[in-house]
Ligand SMILES: Nc1ncnc2c1ncn2[C@@H]1O[C@H](COP(=O)(O)OP(=O)(O)OP(=O)(O)O)[C@@H](O)[C@H]1O
């Protein structure tokens, strides 16, 4: 594939509806955005605005959409192929649900290597565990022997071990304690720089998005109503009324959280 494409990922006129003919609801409505190579792009908005639906459509979990996703200017087929999953990996919100309870970490990490035909399994597992901050002893543990943060590190390792270009992150820290959230966010930030990764991250938490992403689309009722830079988010510089209220509500939520922790 050529590297001259303007964008690594593009969504063009994406719409997703659910329900039968008579009770059909459009939950993503004509959404377009682009992400450059190496960039971290966020989708933010209240619960139910359609963020995860976009991620599920891009990841191939739901092929029932209108519009298109382009990877380096090429439209992705509705049924994603193996090459897509080599390049694009997903990290889910719930580190408890996303790891198989009867598989030790080594097996969790060996499976994607086998599927995608990688060599040097043992070395790659050791390297990747180290990259996510887990020592060699974690290799032989079951998920129930791990904390929430350690499980999410394993989930990140499972995504990274096949050297993808893009990580799709669906609220990757919202199931974790606040102190652990910061560790995982810092890990994601470091990994992106070290490995020249591109992120699409979905979150309802503005602080999380402003920490990780350079740009974010603000979603409301299935549409991206405006895009903001991380600096605009931090300085509460929004054009739309809805975004201003959303930013204000988030700032108040963070202040409340800080008061509770103090
Ligand atoms: N498989 C489905 N069938 C029917 N409705 C669905 C389905 N998946 C999502 N929805 C609906 O689509 C809307 C958008 O859901 P989505 O999960 O994308 O929101 P979200 O912004 O990610 O919210 P949250 O942060 O709570 O996950 C919601 O009203 C949801 O109930």
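Tabulated values for the structure
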| quantity | calculated |
| --- | --- |
| So residue 183, is it touching a residue at least 12 places away in the same chain (Cβ under 8 Å), in a helix (DSSP H, G or I) and surrounded by fewer than 19 Cβ atoms within 10 Å (Cβ to Cβ) | yes |
| Top-ranked residue of the stretch 127-138 - restricted to ones that are touching a helix residue (DSSP H, G or I) at 6+ places or on another chain (Cβ under 9 Å) and closer than 10 Å to residue 157 by Cα, ranked as surrounded by the fewest Cβ atoms within 10 Å (Cβ to Cβ) | 130 |
| Checklist (1) surrounded by fewer than 20 Cβ atoms within 10 Å (Cβ to Cβ); (2) part of a loop (DSSP other than H, G, I, E, B); (3) within 13 Å of the ligand (Cβ to nearest atom) applied to residue 49, failing item | (1) |
| Candidates 192, 124, 141, filtered to the one that is in contact (Cβ under 8 Å) with a residue 60 or more places away in the chain and surrounded by fewer than 21 Cβ atoms within 10 Å (Cβ to Cβ) | 192 |
| Test: residue 207 is surrounded by fewer than 19 Cβ atoms within 10 Å (Cβ to Cβ), in a helix (DSSP H, G or I) and within 16 Å of the ligand (Cβ to nearest atom) | yes |
| Test: residue in the stretch 20-29 that is crowded, with 21+ Cβ neighbours inside 10 Å, within 19 Å of residue 213 (Cβ to Cβ) and within 15 Å of the ligand (Cβ to nearest atom) | no |
| Residue that is farthest from residue 8 (Cα to Cα) [pool: residues in the stretch 161-175 that are surrounded by 23 or more Cβ atoms within 10 Å (Cβ to Cβ) and within 12 Å of the chain's Cα centre (by Cα)] | 173 |
| Within the stretch 212-249, tally of residues that are in a loop (DSSP other than H, G, I, E, B), in contact with a strand residue (DSSP E or B) (Cβ under 7 Å, 6 or more places away or on another chain) and farther than 28 Å from residue 191 by Cα | 4 |
| Residue match in the stretch 85-103 (condition: in a loop (DSSP other than H, G, I, E, B), in contact with a strand residue (DSSP E or B) (Cβ under 8 Å, 6 or more places away or on another chain), closer than 30 Å to residue 244 by Cβ and within 16 Å of the ligand (Cβ to nearest atom)) | yes |
| Long-range neighbours under 8 Å by Cβ, at least six apart or interchain, first residue touching a residue at least 12 places away in the same chain (Cβ under 8 Å) and closer than 23 Å to residue 88 by Cα within the stretch 9-37, second assigned to a loop (DSSP other than H, G, I, E, B) and within 11 Å of the ligand (Cβ to nearest atom) | 16/50; 16/62; 16/64; 28/50; 28/222; 31/50; 31/222 |
| Residue match in the stretch 62-72 (condition: part of a helix (DSSP H, G or I) and touching a helix residue (DSSP H, G or I) at 6+ places or on another chain (Cβ under 8 Å)) | no |
| Residue tally, condition more than 10 Å from the ligand (Cβ to nearest atom) and in contact with a strand residue (DSSP E or B) (Cβ under 6 Å, 6 or more places away or on another chain), over the stretch 52-64 | 2 |
| So residue 92, is it closer than 22 Å to residue 8 by Cβ, under 18 Å from the mean Cα position of the chain (by Cα), buried (at least 16 other Cβ atoms within 10 Å of the Cβ) and in contact (Cβ under 8 Å) with a residue 60 or more places away in the chain | yes |
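Read-outs throughout are calculated quantities, based only on the coordinates presented, and are distinct from any laboratory measurement. Since we're looking at a predicted model, the values are computed, not measured. With ideal geometry, Cβ positions are generated from the backbone for all residues, glycine too; neighbour counts draw on all protein chains shown.
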